[in-house]
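Asker: Pasting in a structure now, in structure tokens, and then I'll have a few things to ask.
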Amino acid sequence: MVYDCIIVGGGIAGLQAAIQLGRYQHKVLVLDEGKGRSSMCHCYHNLLGWPDGVSGEKLRGLGKEHALRLGVEFKGERVEMVRELDGRFCVTTIKSHEFFGRKLLLATGIKDNIPSFEGLLPCLGKSIFVCPDCDGYEILNKPALVIGSGNAGASMALTLTYWTDELTFINHGKGEIDADLVEKLAGKGITIVSNEISQIHTDCSDFKGVTLANGKGIECSFAFLALGGNRPNTDLALQLRVELEANKHILVDPRTKMTSVENVWAAGDITVHSEQAAIAMGDGIQAAIWIHKSLLES
């Protein structure tokens, strides 16, 4: 079987594209191993229609159900290799299964640098955050910790002063901080703690604070992570020689979302833009519209 389009990545962008392509009645396959960042976010707070927030799990579940009703197929497998073969794309999974498609959409997202503290993951999106634009409002006029490293952590702390002036930056990753940033942190009254964290304290999804390596405890109800080193999942794009930006995200046409390689599109956090769920949805539907146009012409 040859699919009209294979979508690699079943997060917010991939699902929205699948829904739109399903509505065009195209034959679509979504390949996703279920480990994307949207699967870890327990609450999106800034989406239209969800004033009380919605979890990534619920959004993904609803999106998949919607797409299935439209005849979209899903396989829970990780893609290991993509290559062009006789004018089509051959997508090979880690289980050595091969699938063929006329068009390809990469919605592979990015991998956040999240420390492996016990109890941290249930707090993501609830009391521990990674994106100030998404969740800075959640700490409005409240004390918060920045668990970071070097300049990345310092910059996050300075950004968060828009919402609160009660901030403590824990340089957990021991990265160097530029002198001008140290001066700015001091000017904003932000305390710098130059010590690693040995343990974080949580109660289900509620963050309670940390214990440092020196035994000192710091109580707090909210934290932001800023350790640097987030990695765009561009391995498949590189296999196809897709052009990347300097920050390693995929460069796409702003109108069509097509990459530098013909018949290969990209959508969501893997592309160059603000990493927002609402933008990922828009990317997905925009890519799908132009994939549809391309299918009509081929």
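Asker: What is the one condition in (1) of a type in the set (Val, Ile, Thr); (2) surrounded by fewer than 20 Cβ atoms within 10 Å (Cβ to Cβ); (3) within 17 Å of Gln276 (Cα to Cα) that Ile12 does not satisfy?
Answerer: (2)
Asker: Which residue pairs have Cβ atoms closer than 7 Å, lie 6 or more positions apart in sequence or on different chains, and pair a first residue in region 241-265 that is under 18 Å from Val8 (Cα atoms) with a second residue that is open to solvent by 20 Å² or more (accessible area, probe 1.4 Å) and of a type in the set (Val, Ile, Thr)?
Answerer: So the pair list comes out as Arg241/Val261; Val242/Val261; His249/Val272; Leu251/Val272; Met258/Val252; Thr259/Val252.
Asker: Gln25 fails exactly one of the following numbered conditions: (1) modelled with pLDDT of 95 or more; (2) in a loop (DSSP other than H, G, I, E, B); (3) touching a strand residue (DSSP E or B) at 6+ places or on another chain (Cβ under 7 Å). What is the number of that condition?
Answerer: Of the numbered conditions (1) modelled with pLDDT of 95 or more; (2) in a loop (DSSP other than H, G, I, E, B); (3) touching a strand residue (DSSP E or B) at 6+ places or on another chain (Cβ under 7 Å), the odd one out for Gln25 is (3).
For (1) at pLDDT 95 or above; (2) part of a loop (DSSP other than H, G, I, E, B); (3) in contact with a helix residue (DSSP H, G or I) (Cβ under 7 Å, 6 or more places away or on another chain), each residue gets a yes or a no:
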{"site": "Glu176", "(1), (2), (3)": "yes, yes, yes"}
{"site": "Ala186", "(1), (2), (3)": "yes, no, no"}
{"site": "Lys208", "(1), (2), (3)": "yes, no, no"}
{"site": "Thr211", "(1), (2), (3)": "yes, no, no"}
{"site": "Phe224", "(1), (2), (3)": "yes, no, yes"}
{"site": "Leu238", "(1), (2), (3)": "yes, no, no"}
{"site": "Arg241", "(1), (2), (3)": "yes, yes, no"}
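Asker: A further question on this structure: Given the residues Glu73, Glu80, Glu33, Glu65, which is the only one that is of a type in the set (Asp, Glu) and modelled with pLDDT under 95?
Answerer: Within the list Glu73, Glu80, Glu33, Glu65, the selection yields Glu33.
Asker: Examine region 278-286 for a residue that is in contact with a strand residue (DSSP E or B) (Cβ under 6 Å, 6 or more places away or on another chain), surrounded by 22 or more Cβ atoms within 10 Å (Cβ to Cβ) and either β-branched (Val, Ile, Thr) or not in a loop (DSSP other than H, G, I, E, B) (or both), and state whether such a residue exists.
Answerer: Scanning region 278-286, I find no residue that is in contact with a strand residue (DSSP E or B) (Cβ under 6 Å, 6 or more places away or on another chain), surrounded by 22 or more Cβ atoms within 10 Å (Cβ to Cβ) and either β-branched (Val, Ile, Thr) or not in a loop (DSSP other than H, G, I, E, B) (or both), so the answer is no.
Asker: Sticking with this one: Looking at Asn171, Asn141 in this structure, which one is modelled with pLDDT of 95 or more and at positive phi? Working first, answer last.
Answerer: Working: Asn171 fails: at positive phi.
Within the list Asn171, Asn141, the selection yields Asn141.
Asker: Could you please find all residues in region 89-116 being surrounded by 19 or more Cβ atoms within 10 Å (Cβ to Cβ) and assigned to a loop (DSSP other than H, G, I, E, B)? Walk me through it before giving the result.
Answerer: Within region 89-116, the first condition is being surrounded by 19 or more Cβ atoms within 10 Å (Cβ to Cβ), and the residues that meet it are 89, 91, 99, 101-109.
Passing the criteria: Ala107, Thr108, Gly109.
Asker: Of all residues in region 28-59, which are part of a helix (DSSP H, G or I), touching an Asp or Glu at 6+ places or on another chain (Cβ under 9 Å) and either touching a residue at least 40 places away in the same chain (Cβ under 8 Å) or acidic (Asp, Glu) (or both)? Give the derivation first.
Answerer: Taking region 28-59 first, the residues part of a helix (DSSP H, G or I) are 37-39, 56-59.
Going one step further and asking which of them are touching an Asp or Glu at 6+ places or on another chain (Cβ under 9 Å), we end up with 37-39.
The answer is Arg37, Ser38.
Asker: When Arg231 is evaluated against the numbered criteria (1) open to solvent by less than 70 Å² (accessible area, probe 1.4 Å); (2) within 30 Å of Glu84 (Cβ to Cβ); (3) of a type outside the set (Asp, Glu), which criterion, by number, is the only one it fails?
Answerer: Just one mismatch for Arg231, condition (1).
Asker: I would also like to ask the following. Among all residue pairs at least 6 apart or on different chains, which show Cβ distances below 8 Å where the first residue, located in region 192-216, is under 16 Å from Ser116 (Cβ atoms) and open to solvent by less than 80 Å² (accessible area, probe 1.4 Å) and the second is outside any loop (DSSP other than H, G, I, E, B) and among the aromatic types (Phe, Trp, Tyr)?
Answerer: Ile200/Phe207; His201/Phe207
Asker: Find the residue count for region 190-209, including only residues that are closer than 16 Å to Leu124 by Cβ and among the aliphatic types (A, V, I, L, M). Give the derivation first.
Answerer: Keep residues of region 190-209 that are closer than 16 Å to Leu124 by Cβ, which gives 200-208.
Filter once more, keeping what is among the aliphatic types (A, V, I, L, M): 200.
Qualifying residue count, region 190-209: 1.
Asker: Which members of region 264-275 meet the condition of being among the polar types (S, T, N, Q) and open to solvent by 30 Å² or more (accessible area, probe 1.4 Å)? Give the derivation first.
Answerer: Just the residues of region 264-275 that are among the polar types (S, T, N, Q), to begin with: 271, 274.
Result: Ser274, single match.
Asker: Still on this structure: Can you tell me which residue within region 159-174, out of those that are of a type outside the set (A, V, I, L, M, F, W, C) and assigned to a loop (DSSP other than H, G, I, E, B), is surrounded by the most Cβ atoms within 10 Å (Cβ to Cβ)? Walk me through it before giving the result.
Answerer: Taking region 159-174 and keeping what is of a type outside the set (A, V, I, L, M, F, W, C), we get 159, 161-162, 164-166, 168, 171-174.
Those still in the list that are assigned to a loop (DSSP other than H, G, I, E, B) too: 161-162, 164-166, 172-174.
Values: Thr161: 17, Tyr162: 11, Thr164: 15, Asp165: 12, Glu166: 18, His172: 26, Gly173: 19, Lys174: 10.
Per the stated criteria, the residue is His172.
The values are calculated or read from the model by the stated rules, or taken from the named source; none is laboratory data. Computed from a predicted model, the values in this text were never measured in an experiment. All Cβ positions, glycine included, derive from the backbone under ideal geometry; neighbour counts span all protein chains shown. The protein model used for the area step is the full one, side chains on, heavy atoms only, and it has no ligands, DNA or RNA in it. Shrake-Rupley method; radii C 1.70, N 1.55, O 1.52, S 1.80 Å.
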